[in-house]
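Note sheet for the following structure.
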Amino acid sequence: MSGHLTIAGLGPGPDAQVTPEVTAALAAASDIVGYGPYVARVAPSGAARHASDNRVELERARLALDLAAAGGRVVVVSSGDPGVFAMAAAVFEAVADHPARNTIAIDVLPGITAMLAAAARIGAPLGHDFCAINLSDNLKPWPLIERRLQLAAEADFAMGLYNPRSRARPAQFARALDILRAACGPARPIVFARAVGSADEAIAITDLGAATPEMADMRTVVLVGSSTTQRVGRWLYTPRSAG
Ligand code: SAH
């Protein structure tokens with residue numbers, strides 16, 4: 001093996017939610033590669049830092065493979081879990097046609113993904129079957145997103161909605177809320193969990209009837225309950241049994 005590539009999840013924000021194996025991999029790294037704000041979360045060390053823009057995932061993955069092929073101990077960082085709408089899949093896509101793919105040892109280290117960190121803050125809204133949907137249409141057509149929202153609502157999944165709303169596509173999240181309201185009714189619980197684990201954390205529990213698009217931005221993960229999700233005091237939970 002010529003080099004080592006680790007794809008690591010940094011969790012939602014707090015240091016206490018970074019796993020010990022990720023901390024150890026970062027301490028041993030020669031190079032840290034990732035989107036700028038995520039690289040900035042890594043404590044200073046002797047490692048070289050390769051921070052890049054958010055939209056260049058494949059380029060960043062190729063750079064990481066090149067550095068590993070040259071003998072480095074490279075760590076690619078993502079927020080949350082690297083396998084959830086993040087770098088791990090991009091790295092494997094780049095591995096498929098990298099000349100040194102058979103000489104690089106690759107490890108994927110999991111992290112706490114945003115929907116699970118948010119769920120823990122408010123109880124157990126994902127206590128029964130659930131799904132995760134990325135609402136960004138950067139990498140897939142919007143009609144496919146609408147179809148998945150519709151079918152997930154019909155299947156009565158609780159949902160975690162990532163990348164709900166950006167300035168570039170303000171109307172789409174309003175449309176997503178319309179679809180959910182029509183399929184689930186106005187009383188269905190919905191949670192807007194913003195910047196979970198950071199000093200700016202803000203969590204609002206409401207229902208689809210009162211939800212407005214402005215309640216979400218790109219630092220928000222949105223949780224939608226199933227038909228059995230209920231409130232108990234300040235908590236929200238979905239019972240483990242259904243039907
Ligand atoms: N790999 C990440 C997700 C990357 S996609 C993970 O597993 O969490 C980026 C989206 O994740 C954001 O638009 C937002 O919806 C969500 N997100 C990431 N960190 C968050 C946090 N601390 N609080 C709330 N949502 C977060």
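The values are calculated or read from the model by the stated rules, or taken from the named source; none is laboratory data. As the structure is a computational prediction, the values presented were derived from the model and not from experiment. As a convention, Cβ positions derive from the backbone with ideal geometry for all residues, glycine included, and neighbour counts pool all protein chains shown. SASA here: full protein model, heavy atoms, side chains in, ligands and nucleic acids out. Shrake-Rupley method; radii C 1.70, N 1.55, O 1.52, S 1.80 Å.
Below is a table of values for the structure above.
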quantity: With every protein chain in place, the stretch 1-83: carbon and sulfur % of accessible area (1.4 Å); calculated: 54 percent
quantity: Net charge contributed by nearby residues that have their C-beta within less than 15 Å of Val221 (K/R +1, D/E -1); calculated: 0
quantity: Segment Ala28-Ala155, length gained on full extension (0.36 nm per residue, minus Cα span); calculated: 41.2 nm
quantity: Rounded to 10°, Cα long-axis angle of helix 142-154 versus longest principal axis of the chain; calculated: 50 degrees
quantity: Theoretical ellipticity at 222 nm over the chain - DSSP helices of four or more residues, -39500 (n - 2.57) apiece, nearest 500; calculated: -8500 deg cm²/dmol
quantity: Angle in degrees between helix 57-69 and the longest Cα principal axis of the chain, rounded to the nearest 10; calculated: 30 degrees
quantity: Point-charge dipole on Cβ atoms (K/R +1, D/E -1) for the stretch 9-135, about Cα centre, debye to 20; calculated: 220 debye
quantity: Beta bridges by DSSP in the chain, antiparallel share as percent, to the nearest 5; calculated: 40 percent
quantity: Among Gly209, Gly225, Gly46, residue whose mean-square fluctuation peaks in a GNM of the chain (springs only between Cα atoms under 10 Å); calculated: Gly46
quantity: Relative contact order %, the chain, counting alpha carbon pairs below 8 Å whose residues are six or more apart; calculated: 20 percent
quantity: Cα-based helix-to-principal-axis angle, 170-184 vs the chain, degrees rounded to 10; calculated: 50 degrees
quantity: Descending Cα extents along the principal axes, the stretch 4-112, whole Å; calculated: 38, 28, 22
quantity: Pairs of alpha carbons in the chain whose separation is greater than 31 Å (percent); calculated: 29 percent
quantity: Span from the the stretch 169-220 Cα centroid across to the the stretch 77-101 one, whole angstrom; calculated: 29 Å
quantity: Accessible solvent surface per residue of the chain, calculated while the other protein chains remain in place, 1.4 angstrom probe, Å²; calculated: 48 Å²
quantity: Radius 11 Å from Cβ of Arg169, net charge of other residues (Lys, Arg +1; Asp, Glu -1); calculated: +2
quantity: Cα lying deepest toward the dipole's positive end in the chain, options Phe85, Leu139, Phe173, charges on Cβ; calculated: Phe173
quantity: Peptide ranges 48-60, 160-172 listed from the most packed, as the mean C-beta count within 10 angstrom indicates; calculated: 160-172, 48-60
quantity: Relative frequency of Cα-Cα separations exceeding 17 Å in the stretch 1-60, percent; calculated: 40 percent
